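The values are calculated or read from the model by the stated rules, or taken from the named source; none is laboratory data. Keep in mind that this is a model prediction, so the values were computed, not measured. Glycine gets a Cβ as well: all are built from the backbone with ideal geometry, and neighbour counts include every protein chain shown.
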Amino acid sequence: MSKVPRRSIISIYNGLLAKYPLLVKSITGAVLSSVGELISQWTTILYGNESDTIKRERLLKVLVMFCYGGLINAPINHFMYGRITAITGRYFKSARARSLVQLLAALSIVSPIQVLLLVAVLTINTHFDGDVNRLWNHIKHSVKSKYVKILTSSCVTTTVLVSFAQRYIEPEKWSVFFSFAYAILGTGQNIYLKLKK
């Protein structure tokens with residue numbers, strides 16, 4: 001009796017990704033975003049005991065980041081980078097021209113939308129106290145004060161990540177790659193900000 005060969009986790013993941021691309025990318029983005037938030041929160045354990053209210057707030061932040069990663073960030077990456085790579089692959093035969101247009105589209109379309117939504121989500125995560133009107137004012141203030149600064153740093157990061165993805169990652173897996181990369185970068189930045197406080 002022959003043994004059935006065991007498949008690696010990566011081959012199983014790739015099979016599911018090929019069969020259910022949006023679902024797998026969304027689950028991946030959700031898990032990575034929430035795990036990143038959990039890891040960054042863990043760094044604040046050194047500051048002593050916390051009340052039940054703070055515990056609930058932390059759990060809510062993890063849930064918000066889970067929703068952001070799975071329902072906002074991953075679908076944006078999936079659809080936008082899917083369209084960008086499909087269109088540039090169809091109309092640009094030169095690899096250099098195709099890479100340049102993909103990068104310009106990422107910088108001028110994808111990054112501005114993602115940064116706007118990220119600023120809104122981070123504001124919700126920081127300022128939501130049940131009052132929607134006050135929250136809306138916080139979001140408007142955050143967009144005015146932080147959007148350009150975050151977009152500028154995002155453009156640098158996007159340039160590096162898209163350039164790397166163009167060379168080494170299949171276009172169908174760009175969304176997964178960006179979810180991993182931004183989860184690592186976001187977790188690092190979050191840890192830095194929490195420790196700074």
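Quick notes on this one:
- Residues that are out of contact with any Ser or Thr (no Cβ under 6 Å at 6 or more places or on another chain) and of a type in the set (Val, Ile, Thr), drawn from region 149-193: Ile150, Thr152, Val156, Thr157, Thr159, Val160, Val162, Ile169, Ile184
- Beta carbons closer than 6 Å, at least 6 apart along the sequence or on distinct chains, never pair a first residue in region 1-20 that is farther than 23 Å from Val176 by Cβ and modelled with pLDDT under 95 with a second that is assigned to a helix (DSSP H, G or I) and acidic (Asp, Glu).
- Evaluation of Pro112 against the conditions (1) within 18 Å of the chain's Cα centre (by Cα); (2) at positive phi shows that the sole unmet condition is (2).
- Scan of region 15-33 for residues that are surrounded by 14 or more Cβ atoms within 10 Å (Cβ to Cβ) and of a type in the set (D, E, K, R), ordered by number: Lys25
- Within region 77-112, being of a type in the set (Lys, Arg) and outside any helix (DSSP H, G or I) holds for one residue alone: Lys93.
- Set Ala183, Ala106: member being at pLDDT 95 or above, surrounded by 16 or more Cβ atoms within 10 Å (Cβ to Cβ) and among the small types (Gly, Ala, Ser): Ala106
- Contacts under 6 angstrom Cβ, first residue in region 122-141 being within 22 Å of Gly186 (Cα to Cα), partner crowded, with 17+ Cβ neighbours inside 10 Å and charged (D, E, K, R), 6 or more apart: Asn125/Lys61
- If you go through region 128-151 and keep only what is within 17 Å of the chain's Cα centre (by Cα) and either at pLDDT 95 or above or hydrophobic (A, V, I, L, M, F, W, C) (or both), you end up with Ile150, Leu151.
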